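Below you'll find the structure, written out as structure tokens, and then a few comments.
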Amino acid sequence: MATASPAPSARPGIGFFERYLSVWVALCILVGIALGYALPGLFGTIAAMEVAKVNLVVAVLIWLMIIPMLLKIDFGSLGSVRRHWKGVGVTLFINWAVKPFSMAALGTVFLGWLFAPLLPAGAIPSYIAGLILLAAAPCTAMVFVWSNLCDGEPNYTLSQVALNDVLMVFLFAPLVALLLGVASVSVPWNTLLLSVILYIVVPVIVAQVIRRALLASGGQAALDRFLKAIGPVSLSALLATLVLLFGFQGQQILAQPLVIALIAVPILIQVYLNAGLAYWLSRQFGVAWCVAAPAALIGASNFFELAVAAAISLFGLTSGAALATVVGVLVEVPVMLSVVAIVKRTRTWYEASSA
């Protein structure tokens, strides 16, 4: 993952592992399914390692994913939100008032109606729930990569991501509960709140303690070195989690090979819809292109690590919700790279006078 810094010169490009994330995810699908068939006892033992409905193995992997990403967030940058208030307003509107609701609607239309004959009937509500969890969590770490690739304003990106992280602490649980209730999915509030504490509150606190200690001891250079060193840990934890998920999901996937492709359809539509709306609204409000480009990307991408963790906690490792969030991981990189290309190629149109 890229390192966030207020200085534009410190923003690296997308790394090798991030660029080919979809390839690694595809390989994890194959490895997970194969191991699920070869070692069913091992996966059963892992599934049984739970405390208060939290799988301990998956919890450790999720923390290893999320904490390195949150180390990049400087909550002191929230003071610069006012300088880009129009761009921030557009992104907040898309992230919290449009994206979760549009995903719930798209999931219901496509999975609950159009594709229903092709899907296992009992799993459809769970698939929709996974899509809602995916859309209710705005992206954090990977947004820095996308913003860098389109020469986005780094201070805007940093302040917007920091603000979204703060809002997630308070809005994620009630928003998910509301939308899952509308989708007629029973939500155990205690489990949902536990997920927020475990996968948002605790990682934010731990990450900020480590960040401040590193900055105090060696400054930005020490933080950058540490982030570079643990970057592979975050990606490895993500891939290990995917292997576990597909180890449990293998039989369902082989029985319904179209499921992944069908789940991807509303995700793809939702990404382009929200990116396009954020980009257009930014132009209507006179937002500079260097802010509008990352605004479109932040509005469209998802914090899939949190979505995966919440889906596992709420519905289990073998649930359709967990599978749906993993499909989000599968399509994230190629789709977001295409959005980067679109906003870069349309810069002339964006900056042209409306007259």
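The values are calculated or read from the model by the stated rules, or taken from the named source; none is laboratory data. On a predicted model such as this, the values are computed, not experimentally measured, just so you know. No Cβ is skipped: glycine too gets one built from the backbone with ideal geometry, and neighbour counts run over all protein chains shown. Heavy atoms of the whole protein, side chains included, go into the accessibility calculation; ligands, DNA and RNA do not. Shrake-Rupley method; radii C 1.70, N 1.55, O 1.52, S 1.80 Å.
Among PHE303, PHE285, PHE315, which is the only one that is open to solvent by 10 Å² or more (accessible area, probe 1.4 Å), under 22 Å from the mean Cα position of the chain (by Cα) and closer than 25 Å to MET168 by Cβ?
Selected residue: PHE315, the only one of PHE303, PHE285, PHE315 that is open to solvent by 10 Å² or more (accessible area, probe 1.4 Å), under 22 Å from the mean Cα position of the chain (by Cα) and closer than 25 Å to MET168 by Cβ.
Being open to solvent by less than 60 Å² (accessible area, probe 1.4 Å) and either aliphatic (A, V, I, L, M) or outside any helix (DSSP H, G or I) (or both) is the filter here; which residues of the range 193-204 pass it?
Listed by number, the residues that qualify are LEU194, VAL196, LEU198, ILE200, VAL201, VAL202, VAL204.
Looking at the range 150-177, which of the residues that are of a type in the set (A, V, I, L, M) and open to solvent by less than 10 Å² (accessible area, probe 1.4 Å) is farthest from VAL98 (Cα to Cα)?
LEU158
Quickly run through the range 298-346 and pick out the residues that are in contact with a helix residue (DSSP H, G or I) (Cβ under 8 Å, 6 or more places away or on another chain) and of a type in the set (D, E, K, R).
Within the range 298-346, GLU305, GLU332, LYS344 qualify.
Here are some residues: ALA322, ALA293. Which one is out of contact with any strand residue (DSSP E or B) (no Cβ under 9 Å at 6 or more places or on another chain), at pLDDT 85 or above and under 30 Å from PRO120 (Cβ atoms)?
ALA322
In the set ALA221, ALA264, ALA237, ALA207, which member is part of a helix (DSSP H, G or I) and open to solvent by 20 Å² or more (accessible area, probe 1.4 Å)?
Answer to the selection: ALA221.
Mind counting the residues in the range 203-249 that are free of Cβ contacts under 8 Å to residues at least 40 places away in the same chain and out of contact with any Leu (no Cβ under 9 Å at 6 or more places or on another chain)?
Going through the range 203-249 one residue at a time, the tally reaches 10.
Kindly indicate the residue of the range 247-261 that is buried (at least 18 other Cβ atoms within 10 Å of the Cβ) and modelled with pLDDT of 80 or more and also nearest to LEU30 (Cα to Cα) among those meeting that condition.
Once the filter is applied, the top-ranked residue is GLY247.
Anything in the range 54-79 that is within 12 Å of VAL161 (Cβ to Cβ) and open to solvent by 20 Å² or more (accessible area, probe 1.4 Å)? List them, or say none.
ASP74, PHE75, LEU78
For the range 80-105, give me each residue that is of a type in the set (D, E, K, R) and open to solvent by 10 Å² or more (accessible area, probe 1.4 Å).
ARG82, ARG83, LYS86
Look through the range 135-190, keep the residues that are at pLDDT 85 or above and of a type in the set (Ser, Thr, Tyr), and return whichever of them is farthest from MET65 (Cα to Cα).
TYR156
I need the full set of residues from the range 8-58 which are polar (S, T, N, Q) and modelled with pLDDT of 80 or more, in order please.
Result: THR45, single match.
Please work out which one of (1) under 23 Å from the mean Cα position of the chain (by Cα); (2) of a type outside the set (Gly, Ala, Ser); (3) over 11 Å from VAL343 (Cβ atoms); (4) open to solvent by less than 20 Å² (accessible area, probe 1.4 Å) is the condition PRO294 fails and give its number.
Status for PRO294: all satisfied but (3).
Any residue in the range 68-76 that is under 19 Å from the mean Cα position of the chain (by Cα), closer than 27 Å to TYR127 by Cβ and in contact (Cβ under 8 Å) with a residue 12 or more places away in the chain?
Yes, the range 68-76 contains a residue that is under 19 Å from the mean Cα position of the chain (by Cα), closer than 27 Å to TYR127 by Cβ and in contact (Cβ under 8 Å) with a residue 12 or more places away in the chain.
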